[in-house]
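The values are calculated or read from the model by the stated rules, or taken from the named source; none is laboratory data. Here the structure is a predicted model, which is why all the values come from computation and not from measurement. Counting neighbours? That spans all protein chains shown, and the Cβs are built from the backbone with ideal geometry, glycine included. We work out accessible area using only protein heavy atoms, side chains counted, and drop any ligands, DNA or RNA first. Shrake-Rupley method; radii C 1.70, N 1.55, O 1.52, S 1.80 Å.
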Amino acid sequence: MSIRAAMGMTRAVAGSMKKRLFGGGDGPKEKPPFGLVPGMPITVEETPFILHESQGGQLQWPGQDLVISAMGRFDLEGVQLYRFYLDQGKGFLEVAVAPNGEPFDGGTRFFQSHDEINPSSAQEWEFWLSEEDGSIGLSKFKSVKGSFLYNRVWGRGDEQVAPLSMEEQHFFPEEVEAEAAVSHQAMLYARLLEGEGNVEYALLSAVETADEAWVEISMGLDLEPTYFKGG
């Protein structure tokens, strides 16, 4: 099950959280990057995806008539990350935000689901999360589709490192009295494509909600803000 599908099953977020996020109520006002909010239409240009595929990348343009169905927010070692999930599981836009509230230069990426694994036993989970040799944390990762080799981005050296643990809060357009959260144990990898240093990312994450758990493999690319627009 994809992250988008899981969010559809747990579509619940506190109305008070929404008011704080979008500027209502008595809480602190917060402005998500680029003015993007759940429920907003968003346009993503095709040009960077054409270039990406021509250089051997695996991502595809998500198409037209896109809508942000949900927003995720979490802290990654002091950096605020926002994820804007597109409807129908078409991917998500990830934006890294500096302490001053401004997006980092080069800190915006677009990810699409590449593969989903549903471990059915403790042994199968060990393959991904073992402290000694779990796949999420090894120095290299080979994709299931295409057998491309990616190098680890988070963590130095050739030894296996622990995945990063992150708690993601989800926000939806609906006003209901609950809050959705998703836990991740994740690691980021990357490989160079043909051409002028363009990169394709592989994000491995053991995902857990209140109802289920699975492993999500997403492929990503850097996406300049000039290539997307909300509203």
- Ignoring ligands and nucleic acids, residue 50 exposes an accessible area, probe 1.4 Å, in Å² to the nearest 10, of 100
- Message: Under 5 Å between amide hydrogens, which residues at least 5 positions from residue 80 or on another chain qualify, with H placed 1.01 Å from N in the peptide plane?
- Response: 97
- Message: Once each part is reduced to its C-alpha centroid, what is the distance from the range 117-169 to the range 46-94 in angstrom?
- Response: 21
- Message: Per residue, how much accessible surface does the range 126-231 expose to a 1.4 Å probe? Answer in Å², no decimals.
- Response: 52
- For the residue pair residue 154 and residue 124, what label-to-label distance in nm results when each label sits 7 Å from Cα along the Cα-to-beta-carbon direction? 2.4
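Carbon and sulfur atoms: what percent of the 1.4 Å accessible area of the range 55-112 do they account for? Mind showing how you got there, number by number?
On the way: 1040 of 2410 Å².
That fraction is 43 percent.
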- Task: Could you list which residues have their amide H under 5 Å from that of residue 199, counting only those 5 or more apart in sequence or on another chain, with H placed in the peptide plane?
- Result: 193, 222
